[in-house]
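The values are calculated or read from the model by the stated rules, or taken from the named source; none is laboratory data. Worth saying up front: this structure is predicted, and the values here are computed from it rather than measured. A quick note on method: Cβ atoms are made from the backbone with ideal geometry, for glycine too, and the neighbour counts reach across all protein chains shown. Note: accessible area is taken over every heavy atom of the protein model, side chains too, but ligands, DNA and RNA are not part of it. Shrake-Rupley method; radii C 1.70, N 1.55, O 1.52, S 1.80 Å.
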Amino acid sequence: MLTSLTLMDVQNLENGALAAVAGADSADEIERVRVEYLGRKSELKLALRDVRDRESGMALNTLRERLETAIDGREQELRRAELDRQLTQDVLDVTLPGEERRLGSLHPTTLTRRIVEDAFLGLGYEVIDDREVETVHYNFDQLAFPPAHPSRSHRDTFFIDPVRLLRTETSPSQIHVMEGKKPPIYMVSLGRVYRRDAPDATHFPIFHQFEGLAVDRDIKLADLKGTLRHVMRALFGDERQVRFRTHYFPFTEPSIEPDVSCPICDMRGCRMCKYTGWIELGGAGMVNPQVFVNVGIDPEEWTGFAFGCGIERAAQLRHGISEIRPFWENDLRVLRQF
Ligand code: DAH
């Protein structure tokens, strides 16, 4: 005798359960059917807990087994169907064109800067970064600029206040380095400089320079020339010629300007070299003894050379770019070519 469920109830329960199993068409649904008919609070489990006689126990256990078998069977069927679906529908078509991911590339200024850095690291120079906001003291006074030098004017230089300005050249980093350590010194400093120039094909109010300084015993002009030839070769290759013209800078004596034979036209004459076959690349010279005195280095004991060159200028020549403006416009059509 069943206590709470009659045989009729058992039959109805089985029919209902089997119908639910057959109707379940997803893994979630079959799980819900399992909980409903076999879970801890299901009618069957509650009846099994209350069972008092052997006959009812057997009937209910048989039902439990039959339901378990039906549910497990249906679950497997559904799993297999899902696998089939995945195998036929979720296939990857390897013949479809892929999604293109554009890789970025280095800016031509950065590429050129790295060549210069590598060339000097190879010579044992220290590469330094310096400040862009300078003072009149470091940008002009310590570099022995005369009081009336035109660069000191507001027309040429961006002043922040009467003593602070945006550096007009990387040369003040020579002073910082010489104040900070005793010779021997071999350093290059690369970075941005600022001048109040109206932008045109060859001028821009911001550009980059690399500055070099060597201070040691017995440094000669020939050492400077050899060093400049080394970096020119690294930048423009072995075929280029280098020549030096005398010039004037307040912080070097004597001063020279290095020229490189025009890599654009190979000296046949073009707009870039103004039909001279030569391109001026910067300034250089032997450190003025007055600069050594300013930073407390004895000019009787030490000599040195210094140089400064434009990085965009060098990049223009390397890549045959006739203007400076594209370096600052960040036009992707230009940058993607590097
Ligand atoms: N500072 C100079 C300029 O911007 C370039 C230069 C000339 C740097 C001579 C030097 C140097 O270190 O010795 O035009």
Tally, over region 1-32, of residues that are surrounded by fewer than 19 Cβ atoms within 10 Å (Cβ to Cβ), small (Gly, Ala, Ser) and not in a loop (DSSP other than H, G, I, E, B): 5
Strands (runs of 3 or more DSSP E) (entirely within region 233-338) containing at least 2 residues that are free of Cβ contacts under 8 Å to residues at least 12 places away in the same chain and either open to solvent by 20 Å² or more (accessible area, probe 1.4 Å) or over 30 Å from His137 (Cβ atoms) (or both): 242-249
Subset tally (residues that are under 17 Å from Arg243 (Cα atoms), more than 16 Å from the ligand (Cβ to nearest atom) and not aliphatic (A, V, I, L, M)) for region 266-292: 9
Residue match in region 164-175 (condition: out of contact with any Ser or Thr (no Cβ under 9 Å at 6 or more places or on another chain) and open to solvent by 80 Å² or more (accessible area, probe 1.4 Å)): no
Strands (runs of 3 or more DSSP E) wholly inside region 151-231 that include at least 3 residues being over 29 Å from Cys273 (Cα atoms) and free of Cβ contacts under 8 Å to residues at least 40 places away in the same chain: 164-166
Subset of region 96-117 [among the hydroxyl-bearing types (Ser, Thr, Tyr) and surrounded by 15 or more Cβ atoms within 10 Å (Cβ to Cβ)]: Thr109, Thr112
Residue match in region 72-80 (condition: touching a residue at least 24 places away in the same chain (Cβ under 8 Å), surrounded by 12 or more Cβ atoms within 10 Å (Cβ to Cβ) and in the same structural domain as Ile311 (by TED's automatic domain parsing)): no
All positions within region 33-71 that are under 13 Å from Leu18 (Cα atoms) and open to solvent by 70 Å² or more (accessible area, probe 1.4 Å): Glu36, Glu65, Arg66, Thr69
Number of positions in region 243-265 that are within 10 Å of the ligand (Cβ to nearest atom) and either modelled with pLDDT under 95 or not assigned by TED's automatic domain parsing to the domain that holds Gly310 (or both): 0
